[in-house]
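The values are calculated or read from the model by the stated rules, or taken from the named source; none is laboratory data. Worth saying up front: this structure is predicted, and the values here are computed from it rather than measured. As a convention, Cβ positions derive from the backbone with ideal geometry for all residues, glycine included, and neighbour counts pool all protein chains shown. Quick note on the areas: whole protein, heavy atoms, side chains included, nothing else; ligands and nucleic acids left out. Shrake-Rupley method; radii C 1.70, N 1.55, O 1.52, S 1.80 Å.
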Amino acid sequence: MADYTTLTTPDGPFTVIGQDGAVLASGWTADLDELLPQVHASLRPAELRRTGSLGALTDAVLAYYDGELTAPMTVPVHQKSGPFREHAWNVLREVAAGSPLTYAGYALAAGNPQAVRAAASACAFNAAALFVPCHRIVRTDGTLGGFRWGLPVKESLLAREAAAA
């Protein structure tokens, strides 16, 4: 059993699926069918229960939008994959708001400068948007690249973070 809630944010509806105080999946959608496939099969809950609040998880999202940009990094996230991808997700949580990295810079920070495609793949398979801030990774030329939740959301998040930095 896991719980979920959908919050209203300036970037649209934001849904968080949490279990035992940790984020399993999150993103700018009100549709659970967009989130559940991103959860690793071994972590995917058999049942979901809607709730009004997920405590610290919900509080972190609200705090982020109130200007506390590090708040989502204070809550645990459960994601599962291979060793590089899991490590790369942890590295993403260390990328400072207002200081985006390029995919090459991210691969270097993850300890393997030759693994640019693997670093990009870690962003693409990240189930815990905002809590694992893959939006902070951009192309070498500074353009946004892709983002599961749409480039307008990525642009908004990066602008919010740049303004606060």
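Across the options I137, P76, T51, the greatest Cα extent toward the positive end of the charge dipole of the chain (unit charges at beta carbon of Lys, Arg, Asp, Glu) belongs to I137. Excluding ligands, DNA and RNA, the accessible surface per residue across the chain is 47 Å² with a 1.4 Å probe. Just checking my list (1) 14.9, 44; (2) 20.3, 66; (3) 20.1, 74 against Rg and Dmax of the Cα atoms in Å computed from this structure; which label fits? Correct label is (1).
Which values, in whole Å and largest first, are the semi-axes of the equivalent ellipsoid of segment 83-164 obtained as the square root of 5 times each eigenvalue of the Cα gyration tensor?
Over the Cα atoms of segment 83-164, the semi-axes work out to 19, 13, 12 Å.
Once both labels are positioned 7 Å from their Cα atoms along Cα-to-Cβ, the gap between D59 and A162 label points is 3.2 nm.
Relative to the longest principal Cα axis of the chain, at what angle does helix 83-92 sit, 0 to 90 degrees, rounded to 10? It works out to around 90 degrees. Using the Cβ-Cβ distance between R139 and K80 with R0 set to 35 Å, the FRET efficiency works out to roughly 0.80. For segment 83-164, the Cβ-based charge dipole about the Cα centre amounts to some 140 debye (Lys, Arg positive; Asp, Glu negative; other atoms uncharged).
Under the simplified labelling scheme, the A46-E155 pair shows an inter-label distance of 4.5 nm, with each label point 7 Å from Cα along Cα→Cβ.
Simple point charges give the picture: +1 on the Cβ of Lys and Arg, -1 on the Cβ of Asp and Glu, and for the chain a dipole about the Cα centre of about 440 debye. Building the convex hull from the alpha-carbon atoms of segment 2-74 and averaging its projection over directions returns 4.7 nm².
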